[in-house]
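**Student:** Have a look at the structure that comes next, please.
Each reported figure results from applying straightforward, stated rules to the coordinates on display, with no laboratory input. The shown structure was predicted, so the numbers you read here are calculated from the model rather than taken from an experiment. Backbone-built Cβ (ideal geometry, glycine too); neighbour counts: all protein chains shown.
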Amino acid sequence: MSAATAARSTYPQLRLATNPVRVCFMIDRLSRAGTETQLLALIRELDRAEVEPSLVLLDGEDDLSRALEPADCPVLRLGVRKLLSRQAITAARQLRRFWHEYPPDILQVYFLDAAYFATPLAKVCGIPKVVRVRNNLGYWLTSWHRLINRLLQPWVDVTLTNSEEGKRSLVTTDRLRPDRVVVLENGVDTHRFRRFLLPDTSKKVVRVGCVANLRPVKNIDGLMHAAQLALRQHPQLVFEVAGDGEQRVALERLHAHLGLGERFILQGSVSDVPGFLRRVEMAVLPSHSEGMSNALLEYMAAGRAVIATDVGANRQLLDGGRCGLLVPPADPGAIAAAITELLANPLRAANLAAAARRRVQELYSRQAMCQRFQQFYRELTNN
């Protein structure tokens, strides 16, 4: 009997309809970034009578990743930092043993290295379904990555993305079949944003917030240029950015060059996002590219007056502009003009914020997200 046949024989051919679907989630490591936060929320909120989760971390040995590990499901850390290494061979054996102990019906894999490592192994081990998550629009993928992704596709049963824009990108750019791409939108923990007052943009000091990692795609340099323009007319503004990353040194130099002083603050990493958003009246998402932005969902749940670039799923989330102002990407002047509009119309700012909060509560809560995933798992396994 071959190894693949032996592995397949460990899975029961018939399962009772009342059994929970067993899903193994796999990602490189855990952090407080958007995708990882959504994954941890999903694992935490899933109904254990419906879905029985396990978690595999390709690396996961750092202190932050260990601290974020969920306590209520099996977790395996593989400690792999290079795929072409002796450790990766040892890790493959560890993973096969883990899957023998906790045999999944579905492997759901995130990010490139985890997908490259686990997808072929899952099929060799006889895992019935492999689901790959691709939530960004692939703006940074090289031709080499695209080639490997196409080679993996025969082993992937379904690709998940969190927006219709993401699906269009996967179909047109990555040449995936439309019937093998499923859209499951993100959700936000609305309970963390209870009892937030609606914004008052007529105050003597108006704070403009942004939650973003300091990476080029987030366009914090563009926000700085917009701040310089807006401050010429509105000296009552203070801009604050919650997040850290590779661009920090370059942004600090730009900050000094533009003379923004204490009117533009790079806060660094912020663990209490609701607390940060409670202090601001407006929230800006200046990104060049987005899938479905977790930051934008948080802005809306907090009931802030929102300005967002018209990229990715931002238009969908903001209901075509009924829940916030949409501006063209890479246009600091448009952001500055939108800020002026909200300052000049405090009632409109509050009405947009209230509409945004209602929309999130109705469509994008964590409970709604979990229901979408649970139904997807049942349908995928015919359970």
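**Student:** In Å and from the alpha-carbon atoms only, list the Rg and Dmax of the chain.
**Tutor:** Using the Cα atoms of the chain, the pair Rg, Dmax is 22.2, 77 Å.
**Student:** How much mean residue ellipticity at 222 nm does the chain get from its helices, if each DSSP H run of length 4 or more adds -39500 (n - 2.57) and you divide by all residues, to the nearest 500 deg cm²/dmol?
**Tutor:** -12500 deg cm²/dmol
**Student:** For the Cα atoms of the chain, what angle does the longest principal axis make with the long axis of helix 34-45, in degrees from 0 to 90, nearest 10?
**Tutor:** With both axes taken from Cα atoms, the answer is about 60 degrees.
**Student:** Cut-off under 21 Å on the C-alpha distance; same-chain residues fewer than 8 positions from Lys129 excluded. Which lysines are left, in chain and number order?
**Tutor:** Answer for Lys129, where 21 Å is the Cα cut-off: Lys167, listed by chain and number.
**Student:** May I pose another question? Within 10 Å of each residue's Cβ, count the other Cβ atoms and sort Val131, Val56 from fewest upward.
**Tutor:** Val131, Val56
**Student:** While we're here: Along the charge dipole of region 190-363, Cβ charges K/R +1 and D/E -1, which of Ala302, Ala334, Val249 sits furthest on the positive end?
**Tutor:** The Cα lying farthest towards the positive end belongs to Ala302.
**Student:** Then there's this: Along its principal axes, what span do the Cα atoms of region 190-363 show, with the longest given first and each in whole Å?
**Tutor:** So the three principal-axis extents are 43, 32, 29 Å.
**Student:** I'd like the GluC sites (Glu not before Pro) in region 116-196 restricted to DSSP loop residues with at most 11 other Cβ atoms within 10 Å, sorted by number.
**Tutor:** Here no loop site has a sparse enough neighbourhood.
**Student:** If you don't mind, another one. Please give the net charge around Ala313, taking every other residue with its beta carbon less than 10 angstrom from that of Ala313, where Lys and Arg add +1 and Asp and Glu add -1.
**Tutor:** For residues surrounding Ala313, the net value is -3.
**Student:** Rounded to the nearest 10 degrees, what's the angle between the helix 143-152 long axis and the longest principal axis of the chain, both from Cα atoms, 0 to 90?
**Tutor:** 40
**Student:** Which aspartates and glutamates have a Cα less than 13 Å from the Cα of Lys204, not counting those fewer than 8 places away in the same chain?
**Tutor:** Within the straight-line limit of under 13 Å, Lys204 reaches these aspartates and glutamates: Glu281.
**Student:** Averaging sequence separations of C-alpha pairs under 8 Å and six or more residues apart, then dividing by the length of the chain, give the relative contact order as a whole percent.
**Tutor:** The value is 16 percent.
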